[in-house]
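Peer 1: Below you'll find the structure I mean.
The values are calculated or read from the model by the stated rules, or taken from the named source; none is laboratory data. This structure is a prediction, so every number in the text was calculated from the model and none was measured. Reconstructed Cβ throughout: ideal geometry from the backbone, glycine too, with neighbour counts over all protein chains shown. For the accessible areas, the whole protein counts, side chains as well, though only heavy atoms, and no ligand, DNA or RNA atoms are used. Shrake-Rupley method; radii C 1.70, N 1.55, O 1.52, S 1.80 Å.
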Amino acid sequence: MARGDRRQGSGSREGTPTGPAHRAAPAAPTAPASLSGSGARPRGHAVSAGDRSGAPAQGGAATRGERARYWQPAGLPGVDLLHAHYVRKSFSRHTHESFVFAAITEGVEAFHYGSDLVHAGPGQIALVNPDTPHTGHAGVPEGWTYRTIYPDAELIRSIAAETIALRGGVGFTDPVVDDPYAAQLVIGVHRAAEEGNALAADSLLRLVTARMLRSHGGRVTPLAPLAAGARDAARARAVLQERMADPPTLEQLATELGTSPFALLRAFRAAYGMPPHTWLTDARVRRARRLLDAGTPPADAAVAVGFTDQPHLNRHFTRSVGVPPGAYQRARGAR
C-alpha cells in the first residue's frame, strides 16, 4: 500500500476528527543547516545501514536489531522524545495523555486510527491526539525508524491560542501529514535536544506545532452522548478506574450497573474505542508511568496498578510505550 493511504476496517466512533489521507510523499529532502545543526552525527547514537537519521543506541532497549531510546530532554518540560527502529514490534491498541508527532525517517509504519488503517513513510508525520486509541506495526518487511515527540496537551493548546486563535479542545484533523519540511523540524527538535541546545529544541518544537496547527489543526468537538448505553459506559469506566487493582468481571460489572454483559461491551467500545479489558490495561500502563515518574520501583508499580508481577507490566508497558519500564524510568531520570 502507498504511504499515507487508508483502508477501511472495523472500528469505533472516535471523539477526534479525521480527514482524508494524503498521497505518498517522496523521500524527505536533506535538512537545511538551520534545522539539522552542523550536520554532524548526533552524539550518543550509532548509525545503522540505511538509516539517514542515526539509529538510537543508548538509553533504551534493543531486541533482535530493534533499538529504542525514550527520554525527557532537559529544558523541555512536558515533552518526551522517542527515537526508535522497529521491525517486529507491534503496539497494542492504546492511548496517550499527550499529543504524538512521529516523523518517519526510514521504512513505513502502519497503524489503526479509529476505523482506518493508515500508513506513514519518510517525509510524513503521524499525528495522534490525546486519548485517541491507536496501534502501530511495520508496514514493510524492513520495519520503520522514527523520531517521535510527545508534547503535553496544555503546551499544544497554548501554542494554538497564540498562533491560530483557537482555544479549548484543539486537535489535528488528519492522522498522517505529508510535509517533508515539518518532518525535518521534528528531527531538528531531536538533534537539538541531543546536543543539549534547549533553546533551539524549544524554538523548533513551537515552529513545527504552529505549522501543523495552521494546515491540519482544528477544534475537537466532543461527541454527543450516545442515546443507549453511554451512561453505563461512563459508570463502568469509573468503576474500573477506582478498582483497577482488583476489577470485577464483565458479568459482575454489568450486574452492578443493571445491564447485560453484551450491551455493556457494545456501549463501552462505542464510547471509548476499545473493550473494557483493553481500556483497563491501557489505564494501568498510564498509571504505572506516573508511578515510575515519581520514583516507584517497577515491581512495586506493577502490583499497585493490578498487574500480577513485573514481567506482566514489562510486557504491556513495552507494547504501549515502546521501551520497558526500567529503561523508561532511567531515561527520565526518576529514582
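Peer 1: Evaluate the relative contact order of segment 164-212 (contact order divided by residue number), counting alpha-carbon pairs under 8 angstrom at least 6 apart; express in whole percent.
Peer 2: 37 percent
Peer 1: Let me ask another. Ordered by residue, what ³J(HN,Hα) values in Hz, to whole numbers, does segment 75-90 give under the Karplus form 6.51 cos²θ - 1.76 cosθ + 1.60, where θ = phi - 60° and Gly and Pro are x?
Peer 2: x, 10, x, x, 10, 10, 10, 9, 10, 8, 10, 10, 10, 8, 4, 9
Peer 1: For a Förster distance of 30 Å, can you work out the FRET efficiency between the beta-carbons of Glu162 and Arg332, rounded to the nearest 0.05?
Peer 2: Here the calculated transfer efficiency is 0.60.
Peer 1: Next up: Between segment 68-124 and segment 178-218, what is the separation of their alpha carbon centroids in Å?
Peer 2: So the separation of the two Cα centres works out to 15 Å.
Peer 1: What accessible surface, in Å², does a 1.4 Å probe find on Asp293, ignoring ligands, DNA and RNA and rounding to the nearest 10?
Peer 2: Probe radius 1.4 Å; accessible area of Asp293 about 60 Å².
Peer 1: While we're looking at this one, here's another question. Can you list, bin by bin at 5 Å, the percent of alpha carbon pairs in segment 106-226, starting at 0?
Peer 2: 2, 10, 19, 22, 21, 15, 7, 3, 1, 0
Peer 1: Got a sec to turn the phi values of segment 171-181 into Karplus ³J(HN,Hα) couplings, 6.51 cos²θ - 1.76 cosθ + 1.60 with θ = phi - 60°, whole Hz, x for Gly and Pro?
Peer 2: Coupling constants for segment 171-181: x, 10, 8, 10, x, 10, 10, 8, 8, x, 5 Hz.
Peer 1: Counting only protein heavy atoms, what percent of the accessible surface of segment 222-335 is carbon or sulfur at a 1.4 Å probe?
Peer 2: 54 percent
Peer 1: Which shape class, rounded, prolate or oblate, goes with segment 192-335 when its Cα gyration tensor gives a ≥ b ≥ c as root eigenvalues, a/c under 1.5 marks rounded, and past that a/b bigger than b/c marks prolate?
Peer 2: Oblate.
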